[in-house]
Amino acid sequence: MSKTTHAQWSSRFSFILAATGSAVGLGNIWKFPYMVGESGGAAFVLVYLLCIGLIGLPILVTEWMIGRRGQSNPVNAMASVAAKAGQPKVWALVGVAGVIGAFLILSFYSVIGGWSLYYTLGSVTGDFSGQDADGIGALFSGMLASPGLLLLWHSIFMLLVIGIVARGVTKGLEGAVNVLMPALALLLVVLVGYGMTTGHFGEALNYLFNPDWSALNGEVVLAALGHAFFTLSLGMGIMIAYGSYLGEKVDLIKTARTVVIMDTVIALGAGLAIFPIVFANQLDLASGPSLIFVTLPLAFGNMGGGLILGLMFFLLLTFAALTSAISLLEPVVEFVEERTPLSRSASAVVSGIGAWALGIAALLSFNVWSDPVLFGLGVFDLLDKLTSKFMLPLTGLGAILFAGWFLNREGVAEDLGLSGGKEVLWVALTRFVAPIGVAVVFISSL
Ligand code: PFF
Ligand code: NA
């Protein structure tokens, strides 16, 4: 008995919404700015943009193509597409690694989703009003120091994710993405406008786009590459799963371009919103995961209409985080549902509770359990680094090597509607540029 019904997306548009819902999330607004700050600015940004265009985009197209051909979940899709190409079933391991990666990411993603929820409440109660940088900083440290508070909001966030996935109403959120993403973009524009009034906008622009190449090293390049995967939801089988619902007529390259542009615009917008505040208040560029939570509330607390804008912003951020988190739980649930006698809702509950439990270890590493557990890293950092810098690039490499070298070239060209010079470019990207890029970055950072 096959439990998965293979419906198709109603249109290219609703597919774009679902893929954008997965892509745009905490990675853009929370993670991208702090990685820029930790990695020294523009050099990181430019390498990141190169990784997005030359590696991320081809892999996104590849994952959708595999999904569309395999018409199944990531593991089965890889296995069946490999079998049709006369390749061994071990390629299914790419799908399995993706499911594991999604589970690990969800565990700590939910902790940050919890922060976003907590800050939504903080905006309503006026916690940020009239605060200076020290006050806002103290608010954040207070939250981080309280395991109970972190646990409460992590649990609420995960409950929401489980509830939505268990009821199988994921698709109901598609329409909401249509309204809420533009709203999020609009709020970023308002915040960028606020940044312009600080007198430090030029400094931020310079920091983001005028590279100091001496900041560049293997570590930074790997961070940029890893984040390119993270932000586009690549290397976890999620886009393979989405591709399996895709009709033959959809132009994958054009669609990928749309999703990639939206994701990139939101990330850069977040950077442009946050860095003027950092410079204006002489905050630490390398604050890490706290960065947006110690900058944006400062703006909201000191601008006209800040109360309502802050509330809207953190609500929208929470929503963006939810749509991404749902896409992380979905493949895990499908995997469990297929391999155990559990129903869909039971699978969602079991998988979600597993990720929730691991998330507890992650949140404790911000306070009572900050000791390193492995490679000198605490649980949160370990989960983050292990997935972004190791698992995602590696599974992404698997997918692209497979598509570049083991699938029939003419078949791929036909699937993607490519011919002539464009086809040659595609082959160059998928056979050489992307895999060699990933491999070199990977090896040089070891
Ligand atoms: N792409 C999401 C973000 O940028 O927040 C995070 C994410 C979602 C990563 C889904 C991986 C994934 F499979
Ligand atoms: Na993203």
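Test SER141 against the criterion of being of a type outside the set (A, V, I, L, M, F, W, C), in a helix (DSSP H, G or I) and buried (at least 18 other Cβ atoms within 10 Å of the Cβ), and give yes or no.
Judged against the criteria, SER141 is not a match.
How about the stretch 46-58: which of its residues are within 14 Å of ligand 2 (Cβ to nearest atom) and of a type in the set (Val, Ile, Thr)?
Within the stretch 46-58, just ILE52 meets the criteria.
Taking helices (runs of 4 or more DSSP H) that fall entirely within the stretch 205-307, which contain at least 3 residues that are modelled with pLDDT of 95 or more and closer than 14 Å to LEU49 by Cα? Outline the logic, then answer.
Values: elements: 218-231, 238-243, 252-280, 291-301.
Correct list: 218-231, 252-280.
Would you confirm, using the coordinates I've provided, whether GLY269 is small (Gly, Ala, Ser) and within 15 Å of ligand 1 (Cβ to nearest atom)?
Against the criterion (small (Gly, Ala, Ser) and within 15 Å of ligand 1 (Cβ to nearest atom)), GLY269 qualifies.
Condition test on ALA43, is it farther than 25 Å from ARG409 by Cβ, more than 16 Å from ligand 2 (Cβ to nearest atom) and surrounded by fewer than 24 Cβ atoms within 10 Å (Cβ to Cβ)?
yes
Within the stretch 8-40, can you find the residues that are among the aromatic types (Phe, Trp, Tyr), in contact (Cβ under 8 Å) with a residue 24 or more places away in the chain and more than 13 Å from ligand 2 (Cβ to nearest atom)?
TRP9, PHE15, TYR34
Please state which one of PHE380, PHE366, PHE390 is outside any helix (DSSP H, G or I) and either away from ligand 2 (no atom under 16 Å from the Cβ) or buried (at least 22 other Cβ atoms within 10 Å of the Cβ) (or both).
After applying the criteria, what remains is PHE366.
Step by step: first the residues of the stretch 153-182, then only those that are loosely packed, with under 14 Cβ neighbours inside 10 Å and at pLDDT below 95, then the one that is nearest to ILE266 (Cα to Cα). Which residue is that?
Quick first cut of the stretch 153-182, residues loosely packed, with under 14 Cβ neighbours inside 10 Å only: 159, 167-169, 172, 175, 179, 182.
When the remaining residues are screened for being at pLDDT below 95, the result is 167-169, 172, 175, 179, 182.
Values: ARG167: 30, GLY168: 28, VAL169: 26, GLY172: 23, GLY175: 19, VAL179: 15, PRO182: 10 Å.
Among residues in the stretch 153-182 that are loosely packed, with under 14 Cβ neighbours inside 10 Å and at pLDDT below 95, the one nearest to ILE266 (Cα to Cα) is PRO182.
Using the structure shown, decide if ALA321 is within 16 Å of ligand 2 (Cβ to nearest atom) and either modelled with pLDDT under 95 or under 16 Å from TRP30 (Cβ atoms) (or both).
Yes: the conditions hold for ALA321.
Based on what the data block shows, is GLY305 buried (at least 21 other Cβ atoms within 10 Å of the Cβ) and either closer than 30 Å to PHE442 by Cα or not aromatic (Phe, Trp, Tyr) (or both)?
Numbers: buried (at least 21 other Cβ atoms within 10 Å of the Cβ): no; either closer than 30 Å to PHE442 by Cα or not aromatic (Phe, Trp, Tyr) (or both): yes.
So GLY305 fails the test.
Out of the residues in the stretch 93-134 that are free of Cβ contacts under 8 Å to residues at least 12 places away in the same chain and in a helix (DSSP H, G or I), state the one that is farthest from SER233 (Cα to Cα).
ASP134
Being under 24 Å from THR255 (Cβ atoms) and not in a helix (DSSP H, G or I) is the filter here, so list the residues in the stretch 74-90 that pass it.
Listed by number, the list holds a single entry, ALA85.
If you check LEU317 against the conditions, is it surrounded by fewer than 24 Cβ atoms within 10 Å (Cβ to Cβ) and of a type in the set (A, V, I, L, M, F, W, C)?
Values: surrounded by fewer than 24 Cβ atoms within 10 Å (Cβ to Cβ): no; of a type in the set (A, V, I, L, M, F, W, C): yes.
The answer is no for LEU317.
Could you list, in sequence order, all residues of the stretch 314-340 that are in contact (Cβ under 8 Å) with a residue 12 or more places away in the chain and either more than 16 Å from ligand 1 (Cβ to nearest atom) or touching a His at 6+ places or on another chain (Cβ under 9 Å) (or both)?
LEU315, VAL336, GLU337, GLU338
Would the stretch 65-73 turn up any residue that is more than 16 Å from ligand 1 (Cβ to nearest atom), touching a Phe, Trp or Tyr at 6+ places or on another chain (Cβ under 9 Å) and not in a loop (DSSP other than H, G, I, E, B)?
Yes, that holds for at least one residue.
Take the residues of the stretch 204-233 that are buried (at least 17 other Cβ atoms within 10 Å of the Cβ) and among the aromatic types (Phe, Trp, Tyr): which is nearest to ALA286 (Cα to Cα)?
Of everything passing the filter in the stretch 204-233, TYR207 is nearest to ALA286 (Cα to Cα).
Which number in (1) within 16 Å of ligand 2 (Cβ to nearest atom); (2) within 30 Å of PHE13 (Cβ to Cβ) marks the one condition that TYR245 misses?
Against the list (1) within 16 Å of ligand 2 (Cβ to nearest atom); (2) within 30 Å of PHE13 (Cβ to Cβ), TYR245 comes up short only on (1).
Can you pull out every residue in the stretch 265-297 that is more than 13 Å from LYS31 (Cα to Cα) and either crowded, with 24+ Cβ neighbours inside 10 Å or among the polar types (S, T, N, Q) (or both)?
Those that are more than 13 Å from LYS31 (Cα to Cα) and either crowded, with 24+ Cβ neighbours inside 10 Å or among the polar types (S, T, N, Q) (or both): ALA273, PHE275, PRO276, ILE277, VAL278, ASN281, GLN282, THR295, LEU296, PRO297.
For the stretch 393-426, give me each residue that is surrounded by fewer than 16 Cβ atoms within 10 Å (Cβ to Cβ) and part of a helix (DSSP H, G or I). Spell out how you get there, then give the answer.
Taking the stretch 393-426 as the starting set, the residues that turn out to be surrounded by fewer than 16 Cβ atoms within 10 Å (Cβ to Cβ) are 405-406, 408-411, 414, 417, 419-422, 424-425.
Once the filter is applied, which keeps residues that are surrounded by fewer than 16 Cβ atoms within 10 Å (Cβ to Cβ) and part of a helix (DSSP H, G or I), the stretch 393-426 yields TRP405, PHE406, ARG409, GLU410, GLY411, GLU414, GLY420, GLY421, LYS422, VAL424, LEU425.
Among the numbered criteria (1) in contact (Cβ under 8 Å) with a residue 60 or more places away in the chain; (2) within 16 Å of ligand 2 (Cβ to nearest atom); (3) aliphatic (A, V, I, L, M), which single criterion is violated by VAL278?
(2)
Test of understanding: among MET236, MET262, which residue is crowded, with 24+ Cβ neighbours inside 10 Å, of a type in the set (A, V, I, L, M) and within 16 Å of ligand 1 (Cβ to nearest atom)? Walk me through how you get there before you give the answer.
Details: MET262 fails: crowded, with 24+ Cβ neighbours inside 10 Å.
Only one candidate qualifies: MET236.
So, in the stretch 16-43, how many residues would count as being within 16 Å of ligand 1 (Cβ to nearest atom) and either modelled with pLDDT under 95 or outside any loop (DSSP other than H, G, I, E, B) (or both)? So that I can check it myself, show each step before the final result.
To start, the set of residues in the stretch 16-43 that are within 16 Å of ligand 1 (Cβ to nearest atom) comprises 16-36.
Next cut, either modelled with pLDDT under 95 or outside any loop (DSSP other than H, G, I, E, B) (or both) only: 16-23, 26-36.
Qualifying residue count for the region: 19.
The values are calculated or read from the model by the stated rules, or taken from the named source; none is laboratory data. This is a predicted model, so every value here is computed, not measured. For neighbour counting, all protein chains shown are included, and Cβ atoms are generated from backbone atoms with ideal geometry for every residue, glycine included.
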